[in-house]
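Working notes for the structure below.
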Amino acid sequence: MDIIIAEKVNKKFQLKQGQNINNNGVASNQIEVLSGFDLKIKKGEFLVLVGPSGSGKSVFLDLVGGLSNPTSGVVYLDDKPVVAPSSKTAYVFQQYALFPWRTALSNIEFGLESRGVLKEERIKIARELLSLFGLSDFEDRFPYQLSGGMQQRVAIARALATKPEVLLMDEPFAALDAQTREILQNELIRIWEGTQTTVIFVTHSIDEAVFLADRVAVVTARLGKIKEIIEIDLPRPRNAELRSSNEFAANRHKVWGALKAEVNKAQQVWKLAPVFT
């Protein structure tokens, strides 16, 4: 069953007054990011989007999350067009986006609090999630007292607290060191496998995409649309040893084979295209 369907989605952004960009040799005050973007995402799957910078991966997440609307086309969530933020979705950003005046516990409580969940139940859910992420001893710490990895754990726990149907993750581990990033990938997979949550995950790391995904959707250089969807035929549950296997390398090769031309194309476009300002 498909929980998200994007049909013929186009997205343009209006530039600020006095700004223009080159569109096929003509100065325009709009920049088009997505064009003919079609994608179906199955309920409960872990889908990863990869593509060159500027291809519209994060823009698509915003459309699914109702933070922005398509210029044309439709994004459906549970067969209903997305026109505004929904309680069915939750978002984890690259920046930790925690409230600095709240402790780890009360940050996780926030979404539940805004929905009117009673305090006793909020605290119970938040503590269960802190335990899942190995943070039980840090519930009274403020964000500035936590490492980057700990802060992102709290951010993910806050998103999961409301039990969303769809979890949107926009390069959530990009700012972390390699060791912490790998640890959090393992924790995310472990926790996700115990839920029915659909995850849409944006990354620039091919290794991360292959390790996490059921399917990897490769997005073309701008104008962004789906070029190819690659089934990742690796067994679950997944563990650290899988990363050094021949099967992992074979899947990585498939993803890079689809992505390489788009990365090269994006570099040439940004290098050669004149921009009017």
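Taken together, the values in this text are just the output of simple stated rules run on the coordinates, not laboratory data. Fair warning: this is a prediction, and the values are worked out from it, not measured in the lab. Backbone-built Cβ (ideal geometry, glycine too); neighbour counts: all protein chains shown.
Does anyone have the angle between helix 148-161 and the longest principal axis of the chain? Alpha-carbon axes, 0 to 90°, nearest 10? With rounding to tens, the tilt is 90 degrees. With only the Cα atoms considered, segment 99-163 has a convex hull volume of 72 Å³ per residue.
Phi-derived couplings, Karplus 6.51 cos²θ - 1.76 cosθ + 1.60 at θ = phi - 60°, listed residue by residue for segment 222-229: 3, 7, x, 7, 6, 8, 7, 10 Hz, with x used for Gly and Pro. For the chain, take the longest principal axis of its alpha carbons; what is the angle in degrees between that and the long axis of helix 246-272, to the nearest 10 within 0 to 90? Taking Cα atoms only, the helix is inclined about 50 degrees. Summing Cβ point charges (Lys, Arg +1; Asp, Glu -1) relative to the Cα centre of segment 99-163 gives a dipole of roughly 180 debye. Only the Cβ atoms of Lys and Arg (+1) and of Asp and Glu (-1) were treated as charged; on that basis the dipole of segment 139-277 about its Cα centre amounts to roughly 480 debye. For M169, M1, the sequence from fewest to most other C-beta atoms within 10 Å is M1, M169. Where only DSSP H runs of four or more residues are counted, the chain gives -11000 deg cm²/dmol as its mean residue ellipticity at 222 nm, each run worth -39500 (n - 2.57). Across the options A126, N107, L160, the greatest Cα extent toward the positive end of the charge dipole of segment 99-163 (unit charges at beta carbon of Lys, Arg, Asp, Glu) belongs to L160.
For V219, the residues whose amide H sits under 5 Å from its own are V50, G51, K227, ignoring neighbours fewer than 5 places away on the same chain, with H placed 1.01 Å from N.
Put simply, the convex hull of the Cα atoms in segment 10-124 casts, on average, a shadow of 10.6 nm². Taking amide hydrogens as placed 1.01 Å from N in the peptide plane, the amide H of I232 sits under 5 Å from those of R215, V216, each at least 5 positions away in sequence or on another chain.
If you take the beta carbon distance between Q179 and Y144 as r and set R0 to 22 Å, what does 1/(1 + (r/R0)^6) give as a FRET efficiency, to the nearest 0.05?
Numbers: r = 22 Å, r/R0 = 0.99.
Here the calculated transfer efficiency is 0.50.
Calculated translational diffusion coefficient of segment 146-259 (4 °C, 1.567 mPa s; Stokes-Einstein with Kirkwood radius over alpha-carbon pairs) equals 86 µm²/s. Label sites at D62 and V83, each approximated as a point 7 angstrom past Cα along Cα to Cβ, lie 2.0 nm apart.
Full extension of the chain segment joining D2 with K260 gains 90.0 nm, where the gain is 0.36 nm per residue of separation less the Cα-Cα distance.
Basic side chains Lys and Arg get +1 at the Cβ, acidic Asp and Glu get -1 at the Cβ, and with that the dipole of the chain about its Cα centre reaches some 680 debye. Secondary structure note: in the chain, about 55% of the DSSP beta bridges are antiparallel. Listed values for segment 178-191 are Karplus-derived 3J(HN,Hα) couplings in whole Hz (6.51 cos²θ - 1.76 cosθ + 1.60, θ = phi - 60°), namely 4, 5, 5, 4, 5, 4, 5, 4, 4, 5, 4, 4, 4, 6, and x replaces Gly and Pro. Too long at a 26 Å Cα-Cα cut-off: which of K163/K227; K11/K42; K16/K42; K42/K225; K57/K119? Flagged as over cut-off: K163/K227; K16/K42; K57/K119.
Shape summary: segment 65-224 maps onto an equivalent ellipsoid whose semi-axes, from the alpha-carbon gyration tensor, are 26, 21, 14 Å in decreasing order. Once the Cα-Cα distance is subtracted from the 0.36 nm per residue extended length, the E128 to R243 segment shows a gain of 38.4 nm.
For segment 89-98, 3J(HN,Hα) computed residue by residue from phi via the Karplus equation (6.51, -1.76, 1.60; θ = phi - 60°) reads 10, 9, 10, 10, 9, 5, 7, 5, 6, 8 Hz, glycine and proline entered as x. Please return the longest range in the chain lying between exposed loop sites, taking chymotrypsin sites (Phe, Trp or Tyr not before Pro), DSSP loop only, at most 16 other beta-carbon atoms within 10 Å, and leaving the sites out. That gives 102-275 as the longest site-free run. Using only alpha carbons, the chain has a radius of gyration to Kirkwood radius ratio (Rg to Rh) of 0.99.
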